[in-house]
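Asker: Let me give you the structure first, and then I'll get to my questions.
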Protein chains: 6
Amino acid sequence: MTQNDLQSSETRLERGQRALAAIDGEGGQRVIDALAGIAPDFATYLLEFPFGDIYSRPGLSLRDREIATIAALAAMGTAQPQLKVHIEAGLNVGLSQEEITEILMQMAVYAGFPAALNGLFAAKEVFADSHQSDG
Amino acid sequence: MTQNDLQSSETRLERGQRALAAIDGEGGQRVIDALAGIAPDFATYLLEFPFGDIYSRPGLSLRDREIATIAALAAMGTAQPQLKVHIEAGLNVGLSQEEITEILMQMAVYAGFPAALNGLFAAKEVFADSHQSDG
Amino acid sequence: MTQNDLQSSETRLERGQRALAAIDGEGGQRVIDALAGIAPDFATYLLEFPFGDIYSRPGLSLRDREIATIAALAAMGTAQPQLKVHIEAGLNVGLSQEEITEILMQMAVYAGFPAALNGLFAAKEVFADSHQSDG
Amino acid sequence: MTQNDLQSSETRLERGQRALAAIDGEGGQRVIDALAGIAPDFATYLLEFPFGDIYSRPGLSLRDREIATIAALAAMGTAQPQLKVHIEAGLNVGLSQEEITEILMQMAVYAGFPAALNGLFAAKEVFADSHQSDG
Amino acid sequence: MTQNDLQSSETRLERGQRALAAIDGEGGQRVIDALAGIAPDFATYLLEFPFGDIYSRPGLSLRDREIATIAALAAMGTAQPQLKVHIEAGLNVGLSQEEITEILMQMAVYAGFPAALNGLFAAKEVFADSHQSDG
Amino acid sequence: MTQNDLQSSETRLERGQRALAAIDGEGGQRVIDALAGIAPDFATYLLEFPFGDIYSRPGLSLRDREIATIAALAAMGTAQPQLKVHIEAGLNVGLSQEEITEILMQMAVYAGFPAALNGLFAAKEVFADSHQSDG
């Protein structure tokens, strides 16, 4: 049974759960768990559409997808918790701390210095937590 | 004389002009020209800070920088002319039309379907112009 | 065969197509058609997730859903084409012109007078077109 | 003396105070009180324009107005304290917890999944507080 | 009869009409006229609250108020027609073209280079029109 | 040696450090210090471009520049820490508490009542801290 066969026999939900685990790790699972008490169907949609549909598409690598997501969330400035989850996701899929820092600094050009600063301070927290859990 | 020596003897303005030409091509030069009649100093700042400082940093490739910029501008939804310039810049620095389309589709997840749609329609225009000028 | 049986035997795509036709009418179909030349898969996602999943849920009437959408798009101020489609959709699912005007005026409180003004001028255009096609 | 006579003999401020009490309840009064130490005139404007003028207009029900406000504030993502006040206001004027949850889930389509998630988590807090005060 | 007596005997609407004429001139009146066909009550609110209440307050000069408005509208990036009206209003109440250009350039720091660029190009149009009508 | 000679012999970084100290005081220095552990080059850019280039330009007074910045940050609603730094900066360069309060109230017109409220509550905190440190 090939990888392709495996993918096609999966439901969107199963594919999304696999993608979420690979990308967001614990941070993503905590979001799914937190939804249980308010909107369990929304947890299903979150697994199915962003992760089962979009992140599972072959046309762009997961590393490139996380560059796009980190940039977008930092530029918008309205999604600090999700930005932290995706800075960690970036590390999970192969971005270095230096590369993530470069992406966030670049946002000063497009969304202003406050957006870049708030992104960098979010990264500082995530990197610190990530060092601790390495110990 | 090494590439490094060359870079260090350049002014920020010269380095920015070189980076702008390599990345944004004609689209970028048109912005610089349009500023002449209203704020010529701002054209200098635009060359110096975004292009001379940020895009010239070694820690992230130009291809990765354009993924970040296209994602950010599409997610913000307030910079349609600049989004078009950077979709063209993305093609200039090695992103394929398919990759750019994937980035824009992904923005539906983080900034909503209208942001993705407006980004995709901007790309449709840029790709059409880019085909014509190939002929 | 009951309505419920009909719904459950439909695919998400079919349910989305039925919902889009009922809600957005011609305006929605034009968006789907325009996507064909740039990102046909995104047309599928647009039918499946917003229309097949969200708008097809029983917990909120279509009329109430369009109040929410018109308010959100006017407040965001970055989705003028989609706002027009949904002002027309609002009329299709039972909102009166007066009710839509009240929603848009109310946005002055939450997103400022420019957001309300730009929303009202969008409605003025849609209402004028809708009168013409009645004739 | 009819309800209409009563309304017309009221000042905008009195009408606004009555509307605020009916809609936002304690949450609204806390905002008015907090303004006393920094900008008491702004408390007056807040009562007069949003509540005395807009919410007191007859063309849209209070329930429909709160659908619009909850959707707008969740989509904007920059007004978390006000979103919580209006989720409680929505419950006060007849929206069910299920309907509010549907409105917030729908915002994923127009403003992205982070906007919907942050809205749903705000609702989770308000619903929990509202249960406690029922006990 | 003193200026103060005059002001207090005016209604908010009359005070707003006087303020709008002094500040926005023809550009403001065109907005009021355009509202007639869609939401005439909103024209009244626009005169009463922003102009009759806020701009008529003594604690900040009209020149300073227009600095704030031009900065805010350029930074938001969602209100291009209103930004143009207020660039013209800035000229009406004593800001020089150079000062307006400085305000817009400064927005690059807080809202990004695209916001500054789109603001500067709006100013370029307004300044050109203003020169023509001087001729 | 004239003031002009002094300025021209300074580097952009030195000029920026002098401007930051004069404008933002301790609040600005804390931001620079916090960047040391994540992106020290970004601290340099922050001193050079916003402060060494923009705030050091002669065409607009520091007082007027802070009116613009406070208005922009309050209207955007995504930069609460930076808004507080600049409310303090406004006091440093000659704005009164009353003038700052007027600017923030005015933002209700352009960005909605929540943006104004969140700005006013930020000012309330800064003014309280500033009174304490006067003691």
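FYI, it's all coordinate maths here, none of it is from the lab. Here the structure is a predicted model, which means the values were calculated and not measured. Glycine gets a Cβ as well: all are built from the backbone with ideal geometry, and neighbour counts include every protein chain shown.
Asker: To two decimal places, what compactness ratio does the protein assembly as shown give when its Cα radius of gyration is scaled by 2.2 N^0.38 Å?
Answerer: Expressed relative to 2.2 N^0.38 Å, the Cα Rg reads 0.93.
Asker: Using a label point 7 Å beyond Cα on the Cα-Cβ vector, give me the inter-copy distances for E:E10 in nanometres, one decimal, shortest first.
Answerer: Label point to label point, same position, other copies: 2.8, 4.4, 5.8, 5.8, 6.7 nm.
Asker: Counting pairs of alpha carbon atoms under 8 Å apart in space and at least six apart in sequence, what relative contact order in percent does chain F give? List each step's numbers first, then the result.
Answerer: Details: 134 pairs, mean separation 30.9, N = 135.
Answer for chain F is 23 percent.
Asker: Continuing with the same structure: Hey, what D do you get for region D:1-59 in µm²/s if you plug the Kirkwood alpha-carbon radius into Stokes-Einstein at 37 °C and 0.692 mPa s?
Answerer: Numbers: Rh = 11.7 Å.
Using the Kirkwood radius from Cα pairs, D works out to 280 µm²/s.
Asker: Across the residues of E:62-70, average count of Cβ atoms on other protein chains within 10 Å? Present the calculation step by step, with values, prior to reporting the outcome.
Answerer: On the way: counts 0, 2, 10, 6, 1, 10, 17, 8, 3.
Across E:62-70, the average partner-chain Cβ count within 10 Å equals 6.
Asker: Here is a follow-up. Within a 10 angstrom radius of each residue's Cβ in C:38-50, how many Cβ atoms of other chains show up on average? Whole number is fine. Intermediate values should be presented prior to the final figure.
Answerer: Working: counts 13, 12, 0, 7, 9, 0, 1, 7, 5, 0, 4, 10, 8.
Across the residues of C:38-50, the mean count of other-chain Cβ atoms within 10 Å is 6.
Asker: For region C:1-59, what does the relative contact order come out to in percent, with C-alpha contacts under 8 Å and a separation of six or more?
Answerer: Values: 40 pairs, mean separation 29.0, N = 59.
Relative contact order for region C:1-59 comes out at 49 percent.
Asker: Helix-only estimate, please: 222 nm mean residue ellipticity of the protein assembly as shown, summing -39500 (n - 2.57) across DSSP H runs of length 4 or more and dividing by its residues, to the nearest 500. Intermediate values should be presented prior to the final figure.
Answerer: Details: 48 runs with 612 residues, N = 810.
-24000 deg cm²/dmol, from helical runs alone.
Asker: Additional query: So how do E:15-25, D:28-38 stack up, highest first, on mean other-Cβ count within 10 Å? Don't skip to the end; give the middle numbers.
Answerer: Numbers: E:15-25: 19.4, D:28-38: 15.6.
Sorting E:15-25, D:28-38 by mean packing, highest first, produces E:15-25, D:28-38.
Asker: On the rotation axis linking copies A and E, which residue of A comes nearest by its Cβ, and by how many whole Å?
Answerer: Value returned for chain A: A:G112, 2.
Asker: Moving to a separate point now. For E:78-91, what's the mean count of beta carbons from other chains sitting within 10 Å of each residue's beta carbon?
Answerer: Values: counts 14, 12, 3, 4, 7, 2, 0, 1, 2, 0, 0, 0, 0, 0.
Taking all residues of E:78-91 together, the mean is 3.
Asker: When the convex hull of the Cα atoms of region F:61-135 is projected onto a plane and the area is averaged over all directions, what value comes out in nm²? Walk me through the numbers before you get to the answer.
Answerer: On the way: hull surface 17.2 nm².
Mean shadow area of the hull around the Cα atoms is 4.3 nm².
Asker: Moving on. Taking D:S56 in one copy and the same position in all the others, each labelled 7 Å out along Cα→Cβ, what are the pairwise distances from the first, in nm, shortest first?
Answerer: 1.7, 4.6, 5.5, 5.5, 6.2
Asker: Fewest Cβ neighbours within 10 Å first, please rank B:D129, F:D53 accordingly. Each step should come with its number before you reach the end.
Answerer: Details: B:D129 12, F:D53 22.
Ascending Cβ contact count within 10 Å gives the list B:D129, F:D53.
Asker: No solvent, one uniform scatterer per C-alpha: report log10 I(q)/I(0) for chain A via the Debye equation at q = 0.09, 0.17 1/Å, two decimals.
Answerer: -0.29, -0.94
Asker: Ok, one more. For A:A34, which inter-copy label distances result when the label point lies 7 Å beyond Cα on the Cα-to-Cβ vector, reported in nm to one decimal and in ascending order?
Answerer: From this label point to the equivalent ones elsewhere in the assembly: 2.0, 2.0, 3.5, 4.0, 4.1 nm.
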